[in-house]
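Here is the structure we will look at.
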Amino acid sequence: MWGMVHLNWQPWTEYFGPVLLLYIGCELVIYSFKKNPSQWLHRTLPLGEEGKRICCAVRFGADEYQYKGEVFHGARLDAFCGGLRLDLSNAVITEDEEIDINTFLGGVELFVPDNVNVVVKSHNFIGGVGNETQPSPDSAAHSIHITASNFLGGVSIKRGVRF
């Protein structure tokens, strides 16, 4: 193991040692997120060029964006080796909207209001989309159209407030 451990048993030093170090490192990162979920960065909504649609990109970190009564006009969410949480549970949705999601070794957690339908189209490579929502009983409900591209990543869609 890079000259640090001198054991005669070769499989131990060549295979098990590095795997054990990676496992311990991953466990420490996961434990820190479980212990202190408030370490997600709460940021203001980043508006795109046209001034309505938000554009969020995360690289090697975690961000959280929360609508608190604002009107939602669509989004583009990119997660590269990180996590992104978008809470639309209190957003005002006045028409059908579209969300484009791209993940690469990352994930997106999306919370939608109770009064909308969710339509998902996805392209996945060793990843996926988990849609835990049910269709709205209101026949006049607006829809959120989600287009997701996942490469070793995933998207989780849930209904209602997360707290």
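Some points to look at:
- For the range 132-149, the condition of being in contact with a Gly (Cβ under 8 Å, 6 or more places away or on another chain) and within 20 Å of residue 58 (Cα to Cα) holds for none of the residues.
- Within the range 58-74, tally of residues that are within 13 Å of the chain's Cα centre (by Cα) and either closer than 19 Å to residue 142 by Cβ or outside any loop (DSSP other than H, G, I, E, B) (or both): 6
- Search result, residues across the range 105-146 that are among the aliphatic types (A, V, I, L, M) and closer than 27 Å to residue 26 by Cα: 105, 108, 110, 126, 129
- Residue within the range 87-101 that is surrounded by 14 or more Cβ atoms within 10 Å (Cβ to Cβ), at pLDDT 65 or above, touching an Asp or Glu at 6+ places or on another chain (Cβ under 8 Å) and of a type in the set (D, E, K, R) present: yes
- Filter result for residue 108 (touching a strand residue (DSSP E or B) at 6+ places or on another chain (Cβ under 6 Å) and either more than 18 Å from residue 62 (Cβ to Cβ) or surrounded by fewer than 18 Cβ atoms within 10 Å (Cβ to Cβ) (or both)): no
- Hey, residue 32 of a type in the set (S, T, N, Q), in contact with a Pro (Cβ under 6 Å, 6 or more places away or on another chain) and at pLDDT 60 or above or not: no
The values are calculated or read from the model by the stated rules, or taken from the named source; none is laboratory data. Predicted, not measured: the structure shown is a model, and the values here were computed from it. All Cβ positions, even for glycine, are placed from backbone atoms using ideal geometry, and neighbour counts span all protein chains on display.
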